Amino acid sequence: MKQAFWKKDWFAGLAICIVILSLGKTGLYDGLERAAYDFGVRASEREPSNKVAVIAIDDTSIANIGRWPWPRDIHAEMHRILHEGGAKVIGQTTFFIEPQIDPGLRYIQQLLKFYGSSSLAQPAQAPALLKQDINILGEKLLQAETDLNTDQKLADSLRDTGNVVLSMHMGIGIPHGKPDTSLPGYITRNQIESVKNNPTTNPNNAFPLPVSDILYPIEILGNIADSIGVLAAYPDNDGGIRSEPLVLDYYNQLYPSLSLQLALRSLNLTPRDVTVNLGDNLQLGRLTIRTSDEMLMHTFYYSDSNGNAAFPVDSFYDVLQGKIPASKYRDKIVLIGATAVGVGDTMVTPINANMAPVLTLAHSVSSILNEDFFIEPEWRTPALAGITLLVALYIMLVLPRLKAGVSATLTLLLLATLFITHYVLMTSQGLWLQLASPFVLLIAGHLLLTTRRYLTTEKGKMALDAESAESNRMLGLSLQGQGQLDAAFDKFRRLPKSPETLELLYNLALDFERKRQFNKAGSVYQVMKDIDPKFRDIKKRISRATAMEETVILGGASANSASGTLLLNTSGVEKPMLGRYEVDKELGKGAMGAVYLGKDPKISRVVAIKTMALSQEFEEDELQNVKDRFFREAETAGRLSHPNIVTIYDAGEEHDLAYIAMEFLKGKDMVQYGKPDQLLPVTRVLDIIRRAAEALDYAHQHNVVHRDIKPANVMYEAESDTLKITDFGIARITDASKTKTGMVLGTPSYMSPEQLAGKKVDGRSDLFSLGVMLFQLVTGRLPFQGDSMATLMYKIANEAHPQADAIRPELPRCVCVIINRALAKDPQKRYQTGALMAADLRKCLQIIAQKKKAS
């Protein structure tokens, strides 16, 4: 019989290729691509420019000169020292965006103002001696103003040296509307005017990265500085800095980066000598800097050699004190920047996970001067397409025809070829060809297709084994049903080692336990342990069986007195117990455990029991601390008595399984009401949020912060209109979990900016989360969304949420006002208490009712 085409090896290979390449389009292999790029950078060896030197504001300098920021006359003194030493260019990475006014200077300026407007300034009729004293007073005041005016001292040093390049900040992002004010002349004189757009080299009509905000030096410094460049980091999705924007677009004005400006100044060029060829390169003099479409330069990072840093780095204090002669910096580009702990952020680069920005700048300047950078070749698209096609054809047509050993050898040779190609292109040519997709395709395709062939080959043999195994399984079940447990055990032991066999053995062991044959139950558990020692609760079962067996041998007690409590997933003779509570059934899964329906047999109270497997979620060295914190939080939450907060009755621990017994609620959580097709009426939502705000206000007054307000933690029963907030205190317990907050609490969509930043939070963080929940319940979507966790967290911390009435135009204006205030990034601008938020919600409900009545 002819085999259907979809069962043939070539079709299986085609399907595998389509799936793997489709996954690559989603960005799944980007991490591997970045890792390969970083490896290529580290493996590349080039000599850094000997024209670049770094003066570090390091810990030694901070300890000797004083707390940062320093008075600006210290920077002025350093500029003069370097100028006298013959430095070619001085790059200052410190931002001077605000005046630095000494408190004493204000008083001196006030005295000068008084002196100038008083009769003291014109002592025409005064005796000669008094005139002399008055003149001396005026001179002293002027001298004091000069000594205290550090901005003027820095400006004087900029004028005297004439070779200092200052830095300004530009925030990368798409601007909206037009700028508030035009830029001053000392900024606009730095812009690049020569821009060319060739459709051949820029087919996508790309343009430099846009910026939405700018912070530049104060006028007294900017007017005198030699030039000004942009310091703007552009990290990849993993936070690594692999490229630098050499040119940025501020409302169609192009400005050079600080590294580009320093390179220009060292070559005696200006931004007017730069030509921007959009989507391809920058030309400055005889240098051509190849870039990406967005004018990003893939920076070359120079590795340290023989224990020596790529660039000479000297302490600011040592240079200032003359311990290092200024002549060392003759004809060099000197970069001044912070490396001290706590002064500025560090950057992740391919060669260092903790690099100071001034060192990153040194690598960028050297890359420009030496024309050392990585580029994606123009022929990358057809080359990648050809390589991918060859790999796909190998998987579809060649691999199925080869024996296992030959195919493995040939696949390894192809993998080595791809690796060597990537290595040689990066290290010798500076070319970056993204080969992650064909690399993954080759590995995954070989493994999947080889596995399929193996399974097909072994199919006949497996069919025979399966027939024998099925006979033993059926006979064993029959014997077990007749009570012949020993014979059933003999049949089950002949079965293949599989999860199904473990289930059969587990049930057999339970039957032995029910008959109080704990020694035989232990034997079954030992067989299971040899197959999978981590299966279910096998370790505890073995311990329990051993203890029960010893008790029976001694004859000192009944089986009920055995140490160890029956576990929840055990169908034993006794009902499972947690403390004094009988457990009836599982209600659902919680964040770190399950929730059960139980009963207090003493008073017949029905309760919900939330469990947390602390021993599984926390490391052993922190387990006791977490247990103590668990019971403190449970005690604190148990003191809360509010109609809209679930009541906690008890807390305890059973074999490292911590539990909380609480009020049993009949409703469901609010998750379903956040879906677009299941939204509640707006007035109902506002009333629900009002009650939640009042409950949170009550909790906050008792110094209890929830930390995890979201629809899943708010229970609501529509029929009785009953609302309850759950899980008070649980969020804080999960902070130290091995699974980390993101896994325990789920998506951070409801967290406040300060909570995401790891800062200490108070009740206002809960109100932000409640605002997110209100937004979702009235619009059917979350206010902040992102393709990745990093993108989502960035939006919550930095970007404004969309207006609710833009999504749902019929929403009353007062609803949007409440949402906007609740979602303020700054906690000071947010609702300060839940009572204030609840009051505004009541007013909004009144407004809606009045409008409805009027209509």
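The values are calculated or read from the model by the stated rules, or taken from the named source; none is laboratory data. All values reported here derive from a predicted model rather than from experimental measurement. Ideal geometry is used to build each Cβ from the backbone, glycine not excepted, and the neighbour counts take in all protein chains shown. Note: accessible area is taken over every heavy atom of the protein model, side chains too, but ligands, DNA and RNA are not part of it. Shrake-Rupley method; radii C 1.70, N 1.55, O 1.52, S 1.80 Å.
Some values worked out for this structure:
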item	result
Counted charge near residue 303, where neighbours are those whose Cβ lies closer than 13 Å (Asp, Glu -1; Lys, Arg +1)	-3
Largest-first ordering by accessible area, 1.4 Å probe, given options 68, 379	379, 68
Theoretical gain in end-to-end length, residue 813 to residue 198 [0.36 nm per residue, Cα-Cα removed]	216.5 nm
FRET efficiency estimate (nearest 0.05) - Cβ-Cβ, residue 424 to residue 84, R0 45 angstrom	0.40
Antiparallel bridges, percent of DSSP beta bridges restricted to the range 260-351 (to nearest 5)	100 percent
Under 17 Å from the residue 346 label point (7 Å along Cα→beta-carbon), backbone N, the range 288-304	304
Overall form of the range 27-69 per C-alpha gyration tensor (a/c, 1.5; a/b vs b/c)	oblate
Label-point separation, residue 683 to residue 330 (7 Å along Cα→Cβ), nm	8.8 nm
Candidate aspartates and glutamates - alpha carbon under 12 Å from residue 610, same-chain residues fewer than 8 apart omitted	586, 650, 653, 663, 727
Å² per residue, accessible surface of the range 243-282 at 1.4 Å	25 Å²
Chain lengthening between residue 59 and residue 304 when straightened (0.36 nm per residue, less Cα-Cα)	86.0 nm
Rough spin-label spacing in nm, given labels placed 7 Å along Cα→Cβ, for residue 853 and residue 178	4.8 nm
Inter-site label distance for residue 385 and residue 39 at 7 Å from Cα along Cβ, in nm	2.8 nm
Calculated FRET value between residue 798 and residue 189, using beta carbons and R₀ = 22 Å, to 0.05	0.10
Cβ crowding within 10 Å averaged over residues, with 837-845, 470-478, 775-783 ranked highest first	775-783, 837-845, 470-478
Nearest-10 value in Å² for the accessible area of residue 23, using the 1.4 Å probe	70 Å²
Unsatisfied cross-links (Cα-Cα over 31 Å) in the set 675/852; 602/724; 668/853; 710/760	668/853
FRET E, pair residue 292, residue 720, Förster distance 60 Å, beta-carbon r, rounded to 0.05	0.50
Proximal aspartates and glutamates relative to residue 520, as straight alpha-carbon distance under 20 Å, when same-chain residues fewer than 8 apart are discounted	486, 490, 503, 511, 530, 532, 537, 549, 550, 574
Fully extended contour minus Cα-Cα distance, from residue 371 to residue 530, at 0.36 nm per residue	51.0 nm
The range 363-436, accessible area per residue, ligands and nucleic acids excluded (1.4 Å, Å²)	49 Å²
